[in-house]
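The values are calculated or read from the model by the stated rules, or taken from the named source; none is laboratory data. This one's a predicted model, so the numbers in the text were calculated from it and none came from an experiment. Methodologically, a virtual Cβ is constructed for each residue, glycine included, from the backbone with ideal geometry; neighbour enumeration extends over all protein chains shown.
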């Protein structure tokens, strides 16, 4: 097991709760009306930060991939130049905006913006485990609220496959994803779930305890990248949106059926963390993508049976 059982369960639980919150926020942002002829019109309300870009399908796919490559390149440059303050400023703004989008679905922007500003300030400049992981529950829902209406099931599936391939390359081949994770962890501005814990070590003769640490203990960090949370959420959101648009289910039932996907993905995540070795890094997206596809198949199987 990569981490202790308790830490693993906490990571998995945060992942699952974030998925449920994200899908519920996307559902709440969806407006369904019926035409006089009986047709279904599905609209997504503007976000707290404004309108979505007027793109769809393949353009959205290309837009996201280019954004990821540019963002990765910029962050690698900051790592090389050791510009932690610049990264923290960018991270602060991203947390503020994405949280505002999510909270803005349920309240007025005049409330969402100052509340999320306060959360972002504490998360970045007065970090603690509670604030950091609490905000993680809302950040990726904001991203999903933007992109779900811009994708269909074909392009979101291709997006998962592309991200999975990139994740494998970035972890197993180039290793730059590991370097980015270590940089973010050290800067205390990690984009994803972050838990620090002490692991008891078996006593070894002649071994001295490190300065600031108790003998027989090792300080470790357990992380789950933000992309590993966001992309399965976007996929499940597109599946939910498709069920509403095609008239298969009402909003509430589309939400309930779509929960099958994060439930399955959560099982895959737990299996990965349970089987992974503590001294190795693993790309999570290929495993989570497999869970997404299996969950999607189960959604339609349940639809067919019921």
Count of residues meeting criterion [without any contact (Cβ under 8 Å) to a residue 60 or more places away in the chain and farther than 30 Å from residue 54 by Cα] in region 124-151
6
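In a helix (DSSP H, G or I) and either over 22 Å from residue 182 (Cα atoms) or out of contact with any helix residue (DSSP H, G or I) (no Cβ under 6 Å at 6 or more places or on another chain) (or both) - does that describe any residue in region 274-281?
The first filter runs over region 274-281 and keeps only residues in a helix (DSSP H, G or I), leaving 274-275.
Remaining after also requiring either over 22 Å from residue 182 (Cα atoms) or out of contact with any helix residue (DSSP H, G or I) (no Cβ under 6 Å at 6 or more places or on another chain) (or both): 274-275.
Yes, region 274-281 has at least one match.
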Taking region 119-132 and keeping residues surrounded by fewer than 16 Cβ atoms within 10 Å (Cβ to Cβ) and either over 27 Å from residue 197 (Cβ atoms) or in contact with a strand residue (DSSP E or B) (Cβ under 8 Å, 6 or more places away or on another chain) (or both) leaves 129
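Do you know which residues across region 187-199 are over 19 Å from residue 138 (Cα atoms) and either surrounded by 15 or more Cβ atoms within 10 Å (Cβ to Cβ) or touching a residue at least 24 places away in the same chain (Cβ under 8 Å) (or both)? Reasoning before the result, please.
Step one: list which residues in region 187-199 are over 19 Å from residue 138 (Cα atoms), which gives 187, 196-199.
Correct list: 187, 196, 197, 199.
Any chance region 234-244 includes a residue that's more than 30 Å from residue 51 (Cβ to Cβ) and either crowded, with 16+ Cβ neighbours inside 10 Å or at pLDDT below 85 (or both)? Quick ask: steps written out before the conclusion?
Pass one, region 234-244, residues more than 30 Å from residue 51 (Cβ to Cβ): none.
No: zero hits.
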Out of (1) modelled with pLDDT of 90 or more; (2) more than 27 Å from residue 157 (Cβ to Cβ), what's the single condition that is false for residue 63?
(2)
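For the structure I just gave you, tell me whether residue 42 is at negative phi and modelled with pLDDT of 95 or more. Break it down into steps so the answer makes sense when it comes.
Working: at negative phi: yes; modelled with pLDDT of 95 or more: no.
Against the criterion (at negative phi and modelled with pLDDT of 95 or more), residue 42 does not qualify.
Specify which of the listed residues (171, 156, 148) is modelled with pLDDT of 95 or more, surrounded by 14 or more Cβ atoms within 10 Å (Cβ to Cβ) and over 23 Å from residue 93 (Cβ atoms). Spell out how you get there, then give the answer.
Working: 171 fails: modelled with pLDDT of 95 or more; 148 fails: over 23 Å from residue 93 (Cβ atoms).
None of the other options fit; the residue is 156.
Only one residue in 179, 164 is part of a helix (DSSP H, G or I), modelled with pLDDT of 95 or more and either surrounded by 13 or more Cβ atoms within 10 Å (Cβ to Cβ) or out of contact with any helix residue (DSSP H, G or I) (no Cβ under 9 Å at 6 or more places or on another chain) (or both), so which one is that?
Values: 179 fails: modelled with pLDDT of 95 or more.
The unique qualifying residue is 164.
Are any of the residues in region 186-208 assigned to a helix (DSSP H, G or I), at pLDDT 90 or above and touching a helix residue (DSSP H, G or I) at 6+ places or on another chain (Cβ under 8 Å)? Outline the logic, then answer.
Residues of region 186-208 that are assigned to a helix (DSSP H, G or I), as a first pass: 186-187.
Now narrow it down to the ones that are at pLDDT 90 or above: none.
No - not one qualifying residue is present in region 186-208.
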Pairs needed: first member in region 251-278, farther than 16 Å from residue 1 by Cβ; second member anywhere, modelled with pLDDT under 95 and surrounded by fewer than 20 Cβ atoms within 10 Å (Cβ to Cβ); C-beta distance under 8 Å; at least 6 residues apart or different chains.
251/32; 254/248; 257/249; 257/302; 257/303; 260/302
